[in-house]
1. If packing is taken as the average count of other Cβ atoms within 10 Å, what order do 72-82, 33-43, 89-99 fall into, highest mean first?
2. Hey, with R₀ at 41 Å, roughly what FRET efficiency would R84 and L10 work out to, going by the Cβ-Cβ distance, to 0.05?
3. Could you check the spin-label model distance between L134 and Q61? Points 7 Å from the Cα along Cα→Cβ, value in nm.
4. Based on the Kirkwood radius over alpha-carbon pairs, what is the Stokes-Einstein translational diffusion coefficient of the range 76-169 at 20 °C with 1.002 mPa s viscosity, in µm²/s?
5. What distance in nm separates the simple spin-label points at Q141 and K51, each placed 7 Å from Cα in the Cβ direction?
6. Could you please state how large a percent of the accessible area of the chain is carbon and sulfur, counting protein chains only and using a 1.4 Å probe?
7. Let me know the Rg and Dmax you get for the chain when you use only its Cα atoms, in Å.
8. In the range 49-98, if every C-alpha pair distance is counted and binned at 5 Å from zero, what percent goes to each bin?
Amino acid sequence: KGGGSPGSVLNPSSLYKLPVFSIGLKHFSGTAIGIARGAVELIEDDMRQRKTVTGVNLADQQSVWLRIAEAGAEVDAAWALLTRDCADATRMADAGIEPSVEQCLAWRRNDAFAGQLAVRAVERLYSLTGGRGLSLNNPYQRMWRDVHAAVQQMLMSWDVNASNFGKVRMGLPFSDPRV
């Protein structure tokens, strides 16, 4: 749950004072963000060289630009959210401040939301793959499956984490003993 523990006596680094089930879940959301970032790069490379069946360069299409811009912004926003959480948690641990339940739930909410942003970015770009995106051999298809898999872990559930955060904000009890 964070703060001092028997292990933190031997390992005084702030890393060993962080609440594992709150801030320590960044490996799930970070994975989803990495997949989404790779998906944006893959689509950008693909669009630069693809043409429609009528010979129109896809890189010249406004709809392509808009999808790439929004997906990239979603990935950047998710990364910024996680980076801020990690900086806040480290600063608190260094100062010996134990995070409140509300703070821990906010970090979990942010993990889940970052995962949702990553999924949205990949979904937004998926239509640009055309029929080729349906093939199991297409690298984008793999990214689509992987980003969905990355957010399937129960601790990444948007509904659960958003509900718990909302309950605490409304002064209601919640039932997760790991927070």
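The values are calculated or read from the model by the stated rules, or taken from the named source; none is laboratory data. Quick caveat: nothing in here was measured; it's all calculated off a predicted structure. Cβ placement follows ideal geometry from the backbone for every residue including glycine, while neighbour counts extend to all protein chains displayed. Just so you know, the surface numbers come from the protein's heavy atoms only, side chains and all, with ligands and any DNA or RNA stripped out. Shrake-Rupley method; radii C 1.70, N 1.55, O 1.52, S 1.80 Å.
1. Ranking, from highest mean packing down: 33-43, 72-82, 89-99.
2. Once the sixth-power term is evaluated, E becomes 0.90.
3. Output for this residue pair reads 1.7 nm.
4. The Stokes-Einstein estimate is 144 µm²/s.
5. Label-label distance for Q141 and K51, simple model: 2.6 nm.
6. It is 58 percent, rounded to a whole number.
7. 19.6, 68
8. 4, 18, 13, 12, 10, 9, 9, 7, 6, 5, 4, 2, 1
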